[in-house]
Amino acid sequence: MLLATNAFGRQLEPDLAVVPARNQVMITTPIPDLRLKGCFHYHKGYVYFRQLGDRVLLGGARHLDLAGETTDSFDPHPGIRTFLHQFMTETILPYAQGWSIERAWSGIIGRGDAKMPIVKTIGNRSVAAVRLGGMGVAIGSAVGAQAADLLADCW
Ligand SMILES: Cc1cc2nc3c(=O)[nH]c(=O)nc-3n(C[C@H](O)[C@H](O)[C@H](O)COP(=O)(O)OP(=O)(O)OC[C@H]3O[C@@H](n4cnc5c(N)ncnc54)[C@H](O)[C@@H]3O)c2cc1C
């Protein structure tokens, strides 16, 4: 068995050193002539945004309530969403008109004291591959390959 539930790993294997970190995310309606070149980070990377098509994708601000966002509940955080909306209005789009937030949601990353993922056997024929540290898109396939090798060793 491969346990690949990342931030939710401790629900099934409490000894795993992975904690959930919820992030609020939002995206605008289309904005004509939007030109944000690159990926942008603010406040040590806690706030991040970039252009996605003709919209702005913005997320984070977990630093405003680190304890409150250490959760595997997908509930919204109203205070952080208010901050992000204000940041969008005043810092990213002070000159744009006629846009609104089309959708807001939350996502949960698996983090811990170490920046490396956990890829290890947790039983006779079980492997855990968790704590992708908010980098799962980038490193997920390599972590999956390592986990598959470990699983093969179990047989
Ligand atoms: C806001 C945000 C921004 C991110 N930005 C980046 C980025 O810029 N670059 C990057 O590389 N990565 C980024 N990531 C991280 C990346 O999305 C994750 O690391 C990646 O999704 C982890 O993949 P995963 O399959 O291990 O876990 P997840 O995608 O979290 O999948 C875990 C799955 O397990 C399921 N699950 C939970 N409990 C159970 C259970 N008991 N039984 C069965 N299934 C269960 C869940 O429903 C879920 O589908 C970001 C993540 C978030 C939330």
Discussion item. Give me the net charge for the shell around Trp105: Cβ to Cβ below 13 angstrom, other residues only, Lys and Arg +1, Asp and Glu -1.
Written reply: +1
Worksheet, complete the sentence: Among Leu3, Ala138, Pro94, the residue whose Cα sits farthest towards the positive end of the charge dipole of the chain (+1 at Cβ of Lys and Arg, -1 at Cβ of Asp and Glu, taken about the Cα centre) is Pro94
Worksheet item: By how many nm would the segment from Ala67 to Phe8 lengthen if fully extended, with 0.36 nm per residue of separation less the alpha-carbon distance?
Response: 19.6 nm
Discussion item. Helix 136-154 against the longest principal axis of the chain: what's the angle in degrees, Cα atoms only, rounded to the nearest 10?
Written reply: 10 degrees
Worksheet item: Per residue of the chain, what 222 nm ellipticity follows from adding -39500 (n - 2.57) for every DSSP H run with n ≥ 4, rounded to the nearest 500?
Response: -6500 deg cm²/dmol
Practice prompt. Distance between Cα centroids, the range 56-89 to the range 98-132: provide it in whole Å.
Written response: 17 Å
Worksheet item: Within straight cross-link reach of Lys37, meaning Cα distance under 20 Å, which aspartates and glutamates are found once same-chain residues fewer than 8 apart are removed?
Response: Asp54, Glu90
Item to complete: Using only the Cα atoms of the chain, build the gyration tensor, take square roots of its eigenvalues as a ≥ b ≥ c, and label the shape rounded, prolate or oblate: rounded if a/c is under 1.5, else prolate if a/b is larger than b/c, else oblate.
Response: prolate
Worksheet item: trypsin sites (Lys or Arg not before Pro), restricted to the range 88-142: which are DSSP loop and have at most 12 other Cβ atoms within 10 Å?
Response: Lys115, Arg125
Worksheet item: Looking at the range 13-97, which trypsin sites (Lys or Arg not before Pro) are in a loop (DSSP not H, G, I, E or B) and have at most 16 other Cβ atoms within 10 Å?
Response: Arg35, Lys37, Lys44
Discussion item. Using only Cα atoms and rounding to the nearest 10 degrees, what angle (0 to 90) does helix 78-87 make with the longest principal axis of the chain?
Written reply: 50 degrees
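The numbers here are math on the coordinates, done by the rules we state, and not lab data. Because the structure is predicted, anything quoted here is derived from the model rather than measured. Cβ coordinates were reconstructed from backbone atoms using ideal geometry, including for glycine residues, and neighbour counts include every protein chain displayed.
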